[in-house]
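Everything below concerns the one structure shown next.
Here, each number is a calculation from the coordinates, and none is a lab measurement. Nothing here was measured: the structure is a model prediction, and the numbers come from that model. Don't worry about glycine lacking a Cβ; one is built from the backbone with ideal geometry, like all the others, and counts go over all protein chains shown.
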Amino acid sequence: MSRNFMRSSSWNFLQLARYGRTANHSQFSSSNIFFHLEEDDLSGEDTSSLADSQEDFDSAILFGMLRGNVVGLRYYSGVVNNNEMVALQREPNNQYDRNAVKVNNVNGEQVGHIKKELAAALAHILDQKMAKIEGVVPYGAQNAFTMPVNLSFWGRAENKQAVLDHMMKYGFRLGPIPNSLQLGHGSAKSKSERAGPSYRAPILPAVQMTTEQLKTEFDKLFEDLKEDDKTQELEPAETIGTQLLSHQKQALSWMVSRENTEELPPFWEERNHLYYNTLTNFAEKQKPENVRGGILADDMGLGKTLSVIALILTNFYDGRPFPTKKIKKQELAESDVLKSNMSQKQFKAAKKTELSTDSRKESETLSQEASSSRPKRQKARKTKYTYSSASEEDEAWLPRKVKAPAECTLHDDDLFANALFGLPTAVRKKKNKKGVTVSQSISKAGPEGQRRTTLIICPLSVLSNWIDQFEQHIKPEVHLNIYIYYGPERTKDPKVLSDQDVVVTTYSVLSSDYGSRSESPLHKVKWLRVVLDEGHTIRNPNAQQTQAVLSLEAQRRWILTGTPIQNSLKDLWSLICFLKLKPFTDREWWHRTIQRPVTTGEDGGLCRLQALIKNITLRRTKTSKIRGRPVLDLPERKVFIQHVELSEEERQIYESLKNEGKAVISRYVSEGTILSHYADVLAVLVRLRQLCCHPFLVSSALSSITTTADSTPGDVREKLVQKIKLVLSSGSDEECAICLDSLNMPVITYCAHVFCKPCICQVIQHEKQEAKCPLCRGSLRLDQLVECPQEDLDSSINKKLEQNWMCSTKINALMHALVDQRRKDATVKSIVVSQFTSFLSVIEVALRESGFMFTRLDGSMTQKKRTEAIQSFQRPDAQSPTIMLLSLKAGGVGLNLTAASRVFLMDPAWNPAAEEQCFDRCHRLGQTKKVIVTKFVVRNSVEENMLKIQSKKRELAAGAFGKKKSSSSQLKQARIEDIRTLVDL
DNA sequence: ACCGCCGGGTGCC
DNA sequence: ACCGCCGGGTGCC
């Protein structure tokens with residue numbers, strides 16, 4: 001590898017990691033300790049020349065302040081108040097001055113211009129993004145011609161001097177900082193049970209973790225705000241057939257009140273007939289519209305879906321429930337047939353078809369399956385599913401429930417409308433495509449017009465769950481129209497959608513529709529309500545998916561997520577945008593008023609964030625209590641850390657590899673180049689972690705990564721192959737930056753970024769010659785993508801396994817526990833989790849030897865096989881496997897493995913949250929037994945050091961999102977210390 | 001703008 | 001006076 005390539009590739013590798021931090025969509029999540037350490041490590045590199053123009057002024061410091069003037073006030077309509085924040089915007093095409101800088105108020109209305117002499121100095125700084133300049137008008141807001149403006153200059157520390165010098169050249173000296181102005185598998189079944197080899201019990205006692213250690217940062221935000229007005233309960237509409245739990249009634253009450261509220265949004269006050277924003281000091285006559293929605297951030301398993309279903313039916317229209325009034329029964333039955341919807345059974349059949357197909361392609365013809373197997377007649381049922389097919393489309397847009405005959409009278413329409421809304425209606429004539437004139441009722445009154453449709457957007461994996469739950473919880477006699485907008489036969493007609501009560505679709509369908517904008521019926525409907533299930537999937541503001549969601553038109557907006565803040569405060573911004581919270585939908589105001597104050601630890605910053613989140617979020621954890629009783633009567637859960645000691649042979653191999661790694665790392669440390677050799681450091685650590693599990697895991701293919709040679713094109717390719725293997729085996733959160741899902745057919749780009757093959761191919765196709773890497777904007781070519789030779793990693797393991805099987809300390813400890821458990825109670829099921837799927841393969845051998853029945857779930861399995869594995873494991877019969885081998889990242893959030901009550905975490909994860917989520921797959925609603933989690937950690941190894949660093953990070957985080965960090969050099973030193981800690985240097 | 005600047009009108013004291 | 005001074009016209013970038 002040439003020096004040059006080494007530099008650029010490693011730079012990109014790092015860049016990828018850093019991007020993961022800033023945009024939270026890299027395969028390395030920021031929770032990954034390594035990459036967390038990255039942060040602004042690249043600040044010294046030539047980042048500015050790269051198109052990485054993301055506004056990451058996260059680590060911005062204040063350079064200084066300057067008083068300037070805003071001129072030309074009389075030409076613009078934008079007004080400001082004293083002390084109001086203003087935004088500066090370059091106007092390079094101004095015909096009078098290429099240096100022009102506009103001054104806008106919070107609403108984006110132009111107030112004036114920066115006086116030209118100053119603008120001449122500022123233009124370069126703004127254009128080169130050397131600093132971000134923020135303005136506040138201190139006084140003189142009422143002036144007719146000019147007004148003063150206090151400008152504060154923010155940027156990366158390394159740009160400070162250049163900015164000061166530049167300003168000086170133009171005769172401006174930045175002043176000091178006035179304190180007051182800082183606002184600113186295939187499943188394998190063994191034969192019969194037999195004893196198998198015996199395993200020793202671990203020598204060291206298991207240590208239980210305290211609940212405090214398990215507490216997440218997000219929950220800390222809610223801690224001192226338990227004295228809420230969110231304890232009111234509301235019984236759901238009678239159309240809901242399920243008895244709601246107390247906390248679900250609270251959720252319902254809170255959601256209904258948020259949808260119907262007339263209160264001002266957070267940080268707004270009414271002051272003498274004007275509406276003031278207390279953060280920006282912006283005021284306007286028009287009342288800022290309240291957010292009719294919010295974030296339901298309950299823990300997984302508390303019933304968010306049920307709460308939303310209850311909301312839809314309870315607050316169906318204008319504070320009223322879904323109508324229960326029966327419309328002529330005959331007509332109803334008739335309409336059901338005419339609409340040819342699927343029966344429940346058929347839907348389930350269709351669902352299986354759906355699951356058998358690769359979820360990513362979303363190409364199965366759900367509706368075709370449905371319509372081909374559709375019966376001629378069927379009984380009325382509780383929930384109607386409307387499917388689009390060519391023959392139905394023309395009629396489907398007719399008013400719900402009643403297919404209006406062509407000669408439909410005004411009277412009938414009125415009846416219909418009244419039954420629906422209890423409101424006066426007007427009737428207008430409309431022609432459908434066939435030219436048959438029918439009548440359609442349109443509600444005249446009501447602030448929401450005729451909107452009545454709720455759009456639910458969810459990941460494909462939970463789509464069927466929504467349908468199941470609608471069926472389960474709505475009384476049989478209630479006829480709610482649900483349209484599943486999915487599959488190639490989905491309607492193109494927005495009218496079909498807007499005549500439903502509920503439309504359910506997936507993020508990927510929405511996103512692909514959005515790609516052909518003019519065609520998307522989803523974007524033409526004025527929705528009553530849009531619900532985002534697993535709403536954190538829109539956390540990357542640059543993703544097309546997010547754009548597709550944000551461009552939906554809706555009055556009531558809800559986000560369901562158990563993890564609103566996954567990595568950083570930034571995750572919240574997309575959510576806030578979706579909720580249309582003024583003024584935060586504009587990135588600048590979000591930064592200035594919330595994000596920066598919090599991250600820099602500014603006074604009151606956290607309080608603001610708390611106030612904001614408290615206002616729009618309802619969050620209960622499984623341990624939350626209502627009137628002193630836990631919201632869910634979940635059996636207790638205990639987490640034990642089981643330390644194990646390596647055997648002498650293992651220790652020998654470990655120490656020799658460790659010393660080898662130490663030598664490499666200490667050389668980098670002394671050269672001061674460690675931070676630019678991350679791939680090497682990572683490789684060392686991965687190998688050590690693998691050794692802690694089983695020596696077979698250490699792939700010889702990875703060991704050559706540190707060798708440096710001259711690069712031929714073949715070499716470059718080989719390096720890329722090694723890099724992708726490293727990424728795939730590192731156990732870090734492998735996520736595709738495009739689909740934000742776990743990697744499917746991973747490929748690595750020439751610039752060393754890893755994506756799903758289908759995802760990146762789509763990008764290349766779409767952008768043709770111009771295609772650029774979504775992460776670093778490096779050029780992309782189809783023929784330069786390198787795939788991971790999948791067979792390599794696994795086959796080498798399989799060969800070793802076939803040839804000479806051997807045990808390991810961890811396998812010994814696991815098998816001891818499993819055998820012991822089987823002796824005590826053979827019905828207890830266990831989940832065995834590892835980040836290394838190859839380790840799962842090794843464990844398989846041990847399980848077979850001891851006659852355990854097991855199944856396996858990992859990321860390489862098709863959706864169909866996954867479902868089979870889950871179903872067989874969840875079955876209560878005696879033939880059902882008692883052990884599930886699970887790869888840490890496999891399966892979506894909804895994965896339900898409640899059949900298990902024991903979890904064995906074979907190796908510590910970088911991300912404690914990933915561990916937590918894994919435990920929750922069995923510790924959730926439906927779990928009847930006490931759950932015991934065992935984390936195996938090898939004494940005196942990287943694993944133990946990983947735990948040390950994790951807890952050290954937790955302490956450092958102190959405030960929810962980490963206060964002002966130390967200087968960049970201190971940070972770098974800290975990272976180096978972390979690496980040294982990991983290898984005992 | 002109750003300013004600054006511009007350019008025309010004007011011109012002893 | 002190729003000045004000074006006066007007062008009207010005028011006004012972002």
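If you average the sequence gap of Cα pairs under 8 Å that are 6 or more apart and divide by the length of the range A:825-948, what percent do you get for the contact order?
Details: 195 pairs, mean separation 36.3, N = 124.
Normalised by residue count, the contact order of the range A:825-948 is 29 percent.
Output the pairs from A:116/A:580; A:658/A:719; A:230/A:526; A:526/A:580 with a Cα-Cα distance over 25 Å in this structure; if there are none, say none. Please list the in-between numbers first.
On the way: A:116/A:580 35 Å; A:658/A:719 23 Å; A:230/A:526 30 Å; A:526/A:580 16 Å.
Cα-Cα > 25 Å for A:116/A:580; A:230/A:526; rest within.
Report the gain in length on full extension from residue A:625 to residue A:765: 0.36 nm times residue separation, minus Cα-Cα distance, nm rounded to one decimal. Gain on stretching residue A:625 to residue A:765: 45.2 nm.
Sequence gap at least 6, Cα distance under 8 Å: using those rules, report the relative contact order of the range A:61-181 to the nearest whole percent.
Details: 260 pairs, mean separation 43.2, N = 121.
Over the range A:61-181, the number comes to 36 percent.
Could you tell me whether the range A:808-940 comes out rounded, prolate or oblate from its Cα gyration tensor? Rule is a ≥ b ≥ c as square roots of the eigenvalues, rounded for a/c under 1.5, then prolate if a/b exceeds b/c, otherwise oblate. Rounded, since a/c falls under 1.5. When A:640, A:584 are arranged by Cβ crowding within 10 Å, least crowded first, meaning fewest neighbours, the order is A:640, A:584. Among A:870, A:474, A:457, the order by Cβ neighbours within 10 angstrom, fewest to most, reads A:870, A:474, A:457. For the range A:92-128, trypsin sites (Lys or Arg not before Pro) meeting the loop criterion (DSSP other than H, G, I, E, B) and having at most 15 other Cβ atoms within 10 Å: A:98. Legend: ranking of residues A:985, A:682 from fewest to most surrounding C-beta atoms inside 10 Å; resulting order A:985, A:682. Summarised in one figure, the compactness ratio Rg/Rh of the range A:61-181, Cα atoms and Kirkwood Rh, is 0.95.
Strictly over 18 Å apart at the Cα level, which of A:287/A:582; A:824/A:930; A:132/A:160; A:304/A:524 would you flag in this model?
On the way: A:287/A:582 11 Å; A:824/A:930 15 Å; A:132/A:160 11 Å; A:304/A:524 27 Å.
Beyond 18 Å: A:304/A:524.
Could you give the nm distance between label points at residue A:201 and residue A:638, where each point is 7 Å from its Cα heading toward the beta carbon? It works out to 1.4 nm between the two label points. Placing +1 on each Lys and Arg Cβ and -1 on each Asp and Glu Cβ, with no other charges, gives the range A:61-181 a dipole about its Cα centre of roughly 180 debye. Remark: relative contact order (the range A:238-294) = 32 percent; criterion is Cα-Cα distance under 8 angstrom and separation of 6 or more residues.
Each Lys and Arg adds +1 at its Cβ and each Asp and Glu adds -1 at its Cβ; summed about the Cα centre, the range A:808-940 shows a dipole of about 180 debye.
In a shell of Cβ-Cβ distance under 15 Å around residue A:271, excluding residue A:271 itself, what net charge do Lys and Arg (+1) and Asp and Glu (-1) give? With Lys, Arg at +1 and Asp, Glu at -1, the neighbours total -2. When all alpha-carbon pairs of the range A:491-540 are counted, what percent fall beyond 13 Å? Tail fraction, whole percent: 60.
Computed from label points 7 Å out along Cα-Cβ, the spacing between residue A:518 and residue A:877 is 5.7 nm.
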